[in-house]
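Here the structure is laid out as structure tokens; the discussion comes afterwards.
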Amino acid sequence: MDCRMIKSPGEGTLAILNRRKGSGPKAALEIPDAVGLVQGKLIEMVCAADVAEKAVGVTVEDIRGSCPQNMILLAIFGDTASVEAAIEEIKRKEKERKW
């Protein structure tokens, strides 16, 4: 699993993510303070989405792509502290394998 965080994402970055959203309402999201990106296997990403939503008040979206390894990308939208907390909780659960 690979995790990254973008603080104060640019307009173009948000446009890319909004175009590639795979689930949820098609309306554009409010401009977030931060975006967390998490990539991994489908089973890991479903569990990671659940962990992030339960840990703090963030919005999680799957991001469409065409990866031959069947890797999935999640975008976690919210304020900086919440996105950081969500990513840390995902990493902790993955390390402990407590999904």
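Each of (1) 40, 22, 21; (2) 36, 33, 21; (3) 33, 26, 23 is a candidate for Cα extents along the principal axes in Å; the one calculated from this structure is (2).
Using heavy atoms of the protein chains and a probe of 1.4 Å, the accessible area assigned to K54 is about 150 Å². Using a probe of 1.4 angstrom and keeping all protein chains present, the accessible surface of region 1-94 works out to 57 square angstrom per residue.
The gain in end-to-end length when the K41 to S8 segment is fully stretched comes to 9.2 nm, 0.36 nm per residue minus the alpha carbon separation.
Considering only T80, T13, T59, the mean-square fluctuation computed in a Gaussian network model of the chain, springs between alpha carbons under 10 angstrom, is largest for T13.
The values are calculated or read from the model by the stated rules, or taken from the named source; none is laboratory data. Please read all numbers here as calculations on a predicted model, not as lab measurements. Side chains are part of the model used for accessible areas, which takes the heavy atoms of the whole protein and leaves out ligands, DNA and RNA. Shrake-Rupley method; radii C 1.70, N 1.55, O 1.52, S 1.80 Å.
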